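Working notes, structure below.
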Amino acid sequence: MDRRFRIVALIWAVVVAAVVGVLSYNAGVAHGIAISPALANAPVPPLAPYWAYRPWGWGFGWGPVFFLLFVWFVMFRIFAWSGLRRRGWYRGGPFDVPPQFDEWHRRAHEGMNKPL
């Protein structure tokens, strides 16, 4: 596939995700407004047990650490396992396409354009 198609597909996915997010948020706000009168007269729930009170939260905050580990793994995967040659960032040298393949490829496309 062409690089432009990938970029357009990525932009389209981001736009669709943003629209879904905005619509979901607005639906949640509308639902909250609709049930707020019923909650105003609701009884107060009992207090939580003493062991459930945790003013410092439930963890250390490992989200950024896991994100950095994920980014590190992706970069390692790109540069160490597949290399720059497979990604198309490197042209020339012993890993370039041989001229026989270019000739075959040109003839294959010429054959596609012939009328039946």
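Bear in mind that the values in this text are calculations on the coordinates, not laboratory data. No experiment lies behind these values; they were computed from the predicted model shown. In this analysis, Cβ positions are derived from the backbone assuming ideal geometry, glycine residues included, and neighbour counts consider all displayed protein chains.
Listed values for the stretch 63-72 are Karplus-derived 3J(HN,Hα) couplings in whole Hz (6.51 cos²θ - 1.76 cosθ + 1.60, θ = phi - 60°), namely x, x, 5, 5, 5, 5, 5, 5, 4, 4, and x replaces Gly and Pro. Taking 0.36 nm per residue of separation and subtracting the Cα-Cα distance, full extension of the segment from A18 to S36 would add 3.8 nm.
Quick one: grab the alpha carbon gyration tensor of the stretch 1-45, order the square roots of its eigenvalues as a ≥ b ≥ c, and give me rounded if a/c is under 1.5, else prolate or oblate depending on whether a/b is larger than b/c.
Details: a/c = 10.53, a/b = 5.08, b/c = 2.08.
In terms of gyration-tensor shape, prolate.
What is the calculated FRET efficiency for E110 to R4, with r their C-beta to C-beta distance and R₀ = 30 Å, to the nearest 0.05? The formula returns an efficiency of 0.75 here.
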